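Here it is: the structure, laid out below.
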Amino acid sequence: MIDLKNLTIEKAHNHLKNGDFTVTDLVNEYLNIIKEKNGDINAYIEVYDDVLEQAKIAEGKFKDGTATLMTGIPIALKDNMLRDGFIASASSKILENYKATYDSFVVKELKEQGVVFLGRTNMDEFAMGSSTETSAYGVTKNPLDTSRVPGGSSGGSVAAVAMDGALCALGSDTGGSIRQPASFCNLVGLKTTYGSVSRSGIIAMGSSLDQVGPIGKTVRDTEIIFEAINGYDKMDATSTPIELRLKPTILKKRIGIPREFLKGDGIDNDVLKNFDEACKKLKNAGYELVDVSLPLIKYSLAVYYILQPAEVSSNLARYDGIRYGYHEAGKDLLTVYTKSRGKGFGKEVRRRIILGTYILSHGYYDAYYNASVLVRKAIRKELMNAFLNVDAIITPTSPFPPFKFGEKSKNPVSMYISDIFLAPANIAGIPAISVPSGTTNEGLPLGLQIMAPFLREDILFTIGKDFEKLV
Ligand code: GLN
């Protein structure tokens, strides 16, 4: 028996290198856990049927000396990432039978290193949601407390890792979807700088906000995966060229706290108490903590809920029930469209498409979309100015701990508040990480969010590693 609970990428790599166990042994242990637990947790929608073949390829790399740290590492893929020849459905009925015809950039990069893809994980439909309750394939339970949600939209990915059904996972984060679920399952989740990891082959949702990123048990694990997946890709027009990527510099060891941002309504006292304790721990570890004034970032969520639906309505226009995806016959073209889209998309997705269409309509475009683009620029500038004086800015990850099924799904606004602290990083395009930060009195997991300037993931890894030692 391999101690999966305490296994990290580096530990697994050393065992594989020393021959303590083979990739096949490791993968079989994960497959057994999935068999035992997935029926209840529903982290995976599909376990790939070629897992053992992939394990053999990885073993070949150990034999011929081309293995990297990621070779043979069992990973879970969010259901919005294309893997050639396999279904990627974004957990929507409309793409139920959609088979990818090429590999996404991240899959291609990891495949070259002999990573083992275990399966595709459940998510909120098209990554819209914070609880994985909007999936067309049932809810995912939080393995730490099965009466509660695992967060979302990357809920299946975090649940897969938290139930020891994968060593690590990939998620996507448009407005918090890696960081919030990571914090709900006591894991580390990294939202990468916009442009650092290619979006090629990721089912588009909010294209100016979407980013792929790693989920793992330790900060170091997310760092290793980040190193494997970041890079320039000509297939993504927003990919940052390598020569523009920044080199680590010496840190000031000064962290900013956006004090007035933490005073909003709907933030649990337990969360604020835990955050104060986190600040104290960082101080004891030698960081100077200073208040930073960021009066505009409180508008990030409002800006998000203008830009995101607008981009959704345009991105999802391609699902017309004709070229591919769910199709319903009708007497004329319009009926085919409305029936296919009406039945193929779930309620939350339809809500966003309608909102976005309104926002982009003639007469409202300037008032909503263009105004939000201007506020977005101002938020970005405000954050960049703050980073002149501090290495990083910290907040709690979520305003509340994992909640129960149905608790927020009836009131969309109460669900949207989940990302209050997370949306600023997506609006500005900067990287941010969530690191476990202890629990509430009830024992529910909480996270600390650390944000850094553009392309400075290294700062998140440094502070994140320091912090995780203290918790
Ligand atoms: N919860 C947010 C939403 O519903 C963010 C989702 C995400 O990051 N994919 O849109």
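The values are calculated or read from the model by the stated rules, or taken from the named source; none is laboratory data. Note that the structure is a prediction, hence the values are computed from the model and not measured. Methodologically, a virtual Cβ is constructed for each residue, glycine included, from the backbone with ideal geometry; neighbour enumeration extends over all protein chains shown. Heavy atoms of the whole protein, side chains included, go into the accessibility calculation; ligands, DNA and RNA do not. Shrake-Rupley method; radii C 1.70, N 1.55, O 1.52, S 1.80 Å.
In the stretch 305-348, which residue that is farther than 23 Å from Tyr137 by Cα and among the β-branched types (Val, Ile, Thr) is surrounded by the most Cβ atoms within 10 Å (Cβ to Cβ)?
Among residues in the stretch 305-348 that are farther than 23 Å from Tyr137 by Cα and among the β-branched types (Val, Ile, Thr), the one surrounded by the most Cβ atoms within 10 Å (Cβ to Cβ) is Ile306.
Given Leu118, Leu95, which one is touching a Pro at 6+ places or on another chain (Cβ under 9 Å) and either within 16 Å of the ligand (Cβ to nearest atom) or touching a residue at least 60 places away in the same chain (Cβ under 8 Å) (or both)?
On inspection, the qualifying residue turns out to be Leu118.
Follow-up. So which residues in the stretch 32-46 are of a type outside the set (Gly, Ala, Ser) and surrounded by 18 or more Cβ atoms within 10 Å (Cβ to Cβ), if there are any at all? Walk me through it before giving the result.
Start the filter on the stretch 32-46 by keeping residues that are of a type outside the set (Gly, Ala, Ser), which leaves 32-38, 40-42, 44-46.
Listed by number, the residues that qualify are Ile34, Lys37, Asn38, Ile41, Asn42, Tyr44, Ile45.
What are the pairs with Cβ atoms under 6 angstrom where one residue, in the stretch 329-352, is aromatic (Phe, Trp, Tyr) and the other, located anywhere, is crowded, with 16+ Cβ neighbours inside 10 Å? Sequence gap at least six, or different chains.
As it stands, the answer is Tyr337/Asp320; Phe345/Ile94, since those pairs meet every condition given.
Moving on to the next point. Do we have Ala237 as more than 16 Å from the ligand (Cβ to nearest atom), buried (at least 24 other Cβ atoms within 10 Å of the Cβ) and not in a helix (DSSP H, G or I) here? Full working, then the answer.
Working: more than 16 Å from the ligand (Cβ to nearest atom): yes; buried (at least 24 other Cβ atoms within 10 Å of the Cβ): no; not in a helix (DSSP H, G or I): yes.
It is false that Ala237 is more than 16 Å from the ligand (Cβ to nearest atom), buried (at least 24 other Cβ atoms within 10 Å of the Cβ) and not in a helix (DSSP H, G or I).
Filter the stretch 349-363 for residues that are assigned to a helix (DSSP H, G or I) and among the hydrophobic types (A, V, I, L, M, F, W, C); which is most open to solvent (accessible area, probe 1.4 Å)?
Of everything passing the filter in the stretch 349-363, Ile354 is most open to solvent (accessible area, probe 1.4 Å).
If we keep just the residues of the stretch 307-355 that are away from the ligand (no atom under 12 Å from the Cβ) and among the β-branched types (Val, Ile, Thr), which is modelled with the lowest pLDDT?
Going through the qualifying residues, I end up with Ile322.
So for the stretch 210-228 (the condition being surrounded by fewer than 24 Cβ atoms within 10 Å (Cβ to Cβ) and within 13 Å of the ligand (Cβ to nearest atom)), does at least one residue qualify?
Within the stretch 210-228, none of the residues are surrounded by fewer than 24 Cβ atoms within 10 Å (Cβ to Cβ) and within 13 Å of the ligand (Cβ to nearest atom).
Out of all the residues in the stretch 240-267, which are assigned to a loop (DSSP other than H, G, I, E, B) and either among the polar types (S, T, N, Q) or open to solvent by 60 Å² or more (accessible area, probe 1.4 Å) (or both)?
Thr240, Leu246, Lys247, Pro248, Thr249, Ile250, Lys252, Lys253, Asp265
Which residues, counting only those in the stretch 101-135, are open to solvent by less than 20 Å² (accessible area, probe 1.4 Å) and farther than 21 Å from Met70 by Cβ?
Asn122, Met123, Asp124, Glu125, Phe126, Ala127, Met128, Gly129, Ser130, Ser131, Thr132, Ser135
Here's something else I'd like to know. Among the residues of the stretch 121-129, is there at least one that is within 15 Å of the ligand (Cβ to nearest atom), in a helix (DSSP H, G or I) and either under 24 Å from Val435 (Cα atoms) or among the hydroxyl-bearing types (Ser, Thr, Tyr) (or both)?
yes
Turning to a different aspect of this structure: Go through the residues of the stretch 189-201 one by one and say whether even a single one is open to solvent by less than 40 Å² (accessible area, probe 1.4 Å), within 16 Å of the ligand (Cβ to nearest atom), of a type in the set (Ser, Thr, Tyr) and under 30 Å from Asn274 (Cα atoms).
Pass one, the stretch 189-201, residues open to solvent by less than 40 Å² (accessible area, probe 1.4 Å): 189-193, 195-198, 200-201.
Cutting the leftovers down to within 16 Å of the ligand (Cβ to nearest atom) gives us 189-193, 197.
Narrowing the set further to residues that are of a type in the set (Ser, Thr, Tyr) leaves 192-193.
Among the residues that remain, those that are also under 30 Å from Asn274 (Cα atoms) are: 192-193.
Within the stretch 189-201, one or more residues are open to solvent by less than 40 Å² (accessible area, probe 1.4 Å), within 16 Å of the ligand (Cβ to nearest atom), of a type in the set (Ser, Thr, Tyr) and under 30 Å from Asn274 (Cα atoms).
A further question follows. Kindly evaluate Ala302 against the criterion of being open to solvent by 40 Å² or more (accessible area, probe 1.4 Å) and away from the ligand (no atom under 15 Å from the Cβ).
So Ala302 fails the test.
Considering only the stretch 344-389, state which residues are touching a Leu at 6+ places or on another chain (Cβ under 9 Å) and of a type in the set (Val, Ile, Thr).
Val349, Ile353, Ile359, Val373, Val375, Ile379
Another question about this same structure. Restricting to the stretch 1-31, and then to whatever is within 15 Å of Ala55 (Cα to Cα) and aliphatic (A, V, I, L, M), can you tell me which residue is most open to solvent (accessible area, probe 1.4 Å)?
Leu31
Another question, if that's okay. Can you tell me which residue in the stretch 205-251 is nearest to Pro431 (Cα to Cα), limited to those that are out of contact with any Phe, Trp or Tyr (no Cβ under 9 Å at 6 or more places or on another chain) and of a type in the set (Lys, Arg)?
Lys247
I would also like to ask the following. Do you know which residues across the stretch 373-417 are open to solvent by less than 80 Å² (accessible area, probe 1.4 Å), part of a helix (DSSP H, G or I) and within 15 Å of the ligand (Cβ to nearest atom)?
The answer is Pro412, Ser414, Met415, Tyr416, Ile417.
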